[in-house]
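S.K.: What follows is a structure written as structure tokens; I'll ask about it next.
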Amino acid sequence: MRRARRLALEWLPAAAVFVGGIVFWEAIVRGFAIDDFLLPAPSDIAETLRNDWSELWSAAFFTFREALAGFVIGCAAGFVAAAAIARYTLLRTAVMPYAIAAGAVPIIAFAPITNNWFGVTGMSSKIAIAAILCFFPMLVNTMKGLTSVPASSIELMHSYAASELTVFRRVRLPSSLPYVFTGLKVGTVLAMIGAIVGDYFGGAPGALGVEIRRWVGIFAFDQAWAGIVLASALGIVFYGSVALIERLAMGWHPSIRGAGAE
């Protein structure tokens, strides 16, 4: 009961802001008679979600699969690259500036390139965009975690004649987990953004980005906003799933234990 009460108190401010924001949004739209093409009311969006749920969910789930595949590929590649680069200081010094610079390239610059490489209407180009966007945050965060281990811990393991693989498994990897999960959580957001924005430059019929662009083109703004809301909800669930895995995998870490003890 105490844990449930504590969790309720933790989420109460966020819930209050959410409810207050929805009420304020509804009041502004109704009070100033704002046209639907400028900003639909939350009640209209909710009604559209209920009436067109099947079509909206099909489009959103299609794009979510693109985002999930890109997330897995990009984060896995970023982790492996970071583990390899972190082993050699000279390689890290040579590669990291270019990795950071590449991560700053705007997302819209990737879409035409990946469409040309993998095709416009298939899922592959959107998966590639999501993977590219996830790769760089994962690389940088994992690199930071693997290289932030106290030197005394490494020296202690070497005094036990531990191999580099043992040092990685026993010291570097556990110490880097907070940074790794930070990269994963950032990746959940970027993967959804990449998949949806990629659809705007050409995607399979039924993809969420394609449908939102079509709805806007025919002035079906309630449906377009409903698609945006559903994409946001999937993004929150995606992020929350990774956060839950982090809590389960890092119950031993002081940051998690401290949060649970408050």
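The values are calculated or read from the model by the stated rules, or taken from the named source; none is laboratory data. Everything quoted here is computed from the prediction, not taken from an experiment. When we count neighbours, we look across all protein chains shown, and the Cβ atoms used for this are built from the backbone with ideal geometry, even at glycine. Accessible surface is based on the protein model in full, side chains and every heavy atom, while ligands, DNA and RNA are left aside. Shrake-Rupley method; radii C 1.70, N 1.55, O 1.52, S 1.80 Å.
S.K.: Hey, can you tell me all the residues within region 197-243 that are open to solvent by less than 60 Å² (accessible area, probe 1.4 Å) and on the phi > 0 side of the Ramachandran plot?
M.R.: Of everything in region 197-243, those that are open to solvent by less than 60 Å² (accessible area, probe 1.4 Å) and on the phi > 0 side of the Ramachandran plot turn out to be GLY202, GLY206.
S.K.: Please determine whether any residue of region 27-37 is surrounded by fewer than 11 Cβ atoms within 10 Å (Cβ to Cβ) and among the β-branched types (Val, Ile, Thr).
M.R.: No: region 27-37 contains no residue that is surrounded by fewer than 11 Cβ atoms within 10 Å (Cβ to Cβ) and among the β-branched types (Val, Ile, Thr).
S.K.: Continuing with this model, one more query. Report those helices (runs of 4 or more DSSP H) wholly inside region 114-173 carrying at least 3 residues which are at pLDDT 90 or above, within 30 Å of ALA207 (Cβ to Cβ) and within 22 Å of the chain's Cα centre (by Cα).
M.R.: The qualifying helices (runs of 4 or more DSSP H) are 124-146.
For every residue, the table says whether it meets (1) out of contact with any helix residue (DSSP H, G or I) (no Cβ under 9 Å at 6 or more places or on another chain); (2) free of Cβ contacts under 8 Å to residues at least 60 places away in the same chain; (3) surrounded by fewer than 23 Cβ atoms within 10 Å (Cβ to Cβ); (4) basic (Lys, Arg).
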{"site": "ALA128", "(1), (2), (3), (4)": "no, yes, no, no"}
{"site": "PHE135", "(1), (2), (3), (4)": "no, no, no, no"}
{"site": "MET138", "(1), (2), (3), (4)": "no, no, no, no"}
{"site": "LEU146", "(1), (2), (3), (4)": "no, no, no, no"}
{"site": "LEU156", "(1), (2), (3), (4)": "no, yes, yes, no"}
{"site": "ALA162", "(1), (2), (3), (4)": "no, yes, yes, no"}
{"site": "LEU173", "(1), (2), (3), (4)": "no, yes, yes, no"}
{"site": "SER176", "(1), (2), (3), (4)": "no, yes, no, no"}
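S.K.: Only one residue in ILE85, ILE108 is β-branched (Val, Ile, Thr), assigned to a helix (DSSP H, G or I) and in contact (Cβ under 8 Å) with a residue 60 or more places away in the chain, so which one is that?
M.R.: It is ILE108.
S.K.: Now a separate question. Of all residues being in contact with a Phe, Trp or Tyr (Cβ under 9 Å, 6 or more places away or on another chain) and of a type in the set (Phe, Trp, Tyr) in region 196-224, which is farthest from ALA131 (Cα to Cα)? Just the residue, please.
M.R.: PHE219
So that you can scan it fast, the table gives a plain yes or no per residue for (1) aliphatic (A, V, I, L, M); (2) not in a helix (DSSP H, G or I):
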| position | (1), (2) |
| --- | --- |
| ILE28 | yes, no |
| LEU38 | yes, yes |
| ALA46 | yes, no |
| PHE62 | no, no |
| GLY70 | no, no |
| LEU90 | yes, no |
